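Working notes, beginning with the structure itself.
The values are calculated or read from the model by the stated rules, or taken from the named source; none is laboratory data. From a predicted model like this one, the values you see are computed outputs, not experimental measurements. A quick note on method: Cβ atoms are made from the backbone with ideal geometry, for glycine too, and the neighbour counts reach across all protein chains shown.
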Amino acid sequence: MHRLIALLLTGIALLGAVPARVAAQTLPGGCNSIANVPATYAIDYQQDIQPIFSFGCANCHVDSAGAPEADLDLDPKPSWFNLVGVSSSQDPAQVRVIAGDALRSLLFRKVNCDIPGPFLESERMPQNRPDLQLADQALIYDWIMAGALNGPTDTLFFNSFELRGFVP
């Protein structure tokens with residue numbers, strides 16, 4: 001019976017971005033599949049990731065408007081420091097970005113899934129705006145999987161396998 005459940009979860013996971021080992025833990029729902037978006041290996045946080053936040057997230061997550069939503073300031077200077085290895089202010093058990101593990105990173109689940117995780121007030125971001133383009137969702141995923149660096153990724157170690165296909 002357990003093997004059957006594991007096989008079903010694996011099959012469901014292959015249809016979207018969430019593998020079975022994470023799906024059983026976090027129960028996200030309504031996630032977009034990024035499987036058909038080519039992986040990006042050379043990613044620079046300030047040039048590639050920050051513009052996604054500046055365009056799609058800054059209307060709510062900026063300190064200049066007072067207190068940013070969810071205590072998450074995504075202005076260019078503090079954004080990386082407010083994301084990587086930082087627990088969510090809404091649920092301290094959730095980490096915003098876990099370097100090397102996009103599927104357990106709240107940021108990726110928030111931009112990729114209608115129901116990103118276990119706490120009820122959570123929903124897809126950006127709120128009340130169009131979803132991020134699949135290419136941007138995939139870029140965030142690839143950046144996290146490549147180590148979530150505050151600068152350019154080191155592509156030397158990622159040339160031999162597909163970021164989205166490698167499961168440690």
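Assorted remarks:
- Here R109 fulfils each of the conditions (1) over 19 Å from L74 (Cα atoms); (2) not in a loop (DSSP other than H, G, I, E, B) apart from (1).
- Members of the stretch 64-89 found to be closer than 12 Å to L106 by Cβ and modelled with pLDDT under 85, listed by number: A70
- When P92, P51 are checked against the criterion of being assigned to a loop (DSSP other than H, G, I, E, B) and either closer than 15 Å to I144 by Cβ or not hydrophobic (A, V, I, L, M, F, W, C) (or both), P92 stands alone in meeting it.
- The residues of the stretch 112-133 that are outside any loop (DSSP other than H, G, I, E, B) and more than 12 Å from the chain's Cα centre (by Cα), listed by number, are D114, I115.
- So A58, is it more than 16 Å from the chain's Cα centre (by Cα), modelled with pLDDT of 60 or more and more than 22 Å from T153 (Cβ to Cβ): yes
- Those residues of the stretch 78-89 which are part of a loop (DSSP other than H, G, I, E, B) and touching a helix residue (DSSP H, G or I) at 6+ places or on another chain (Cβ under 9 Å), in sequence order: P78, S88, S89
- Filtered residue count, the stretch 123-155, keeping only those that are β-branched (V, I, T) and exposed (fewer than 15 other Cβ atoms within 10 Å of the Cβ): 1
- Hey, V37 modelled with pLDDT of 70 or more, touching a Leu at 6+ places or on another chain (Cβ under 6 Å) and aliphatic (A, V, I, L, M) or not: yes
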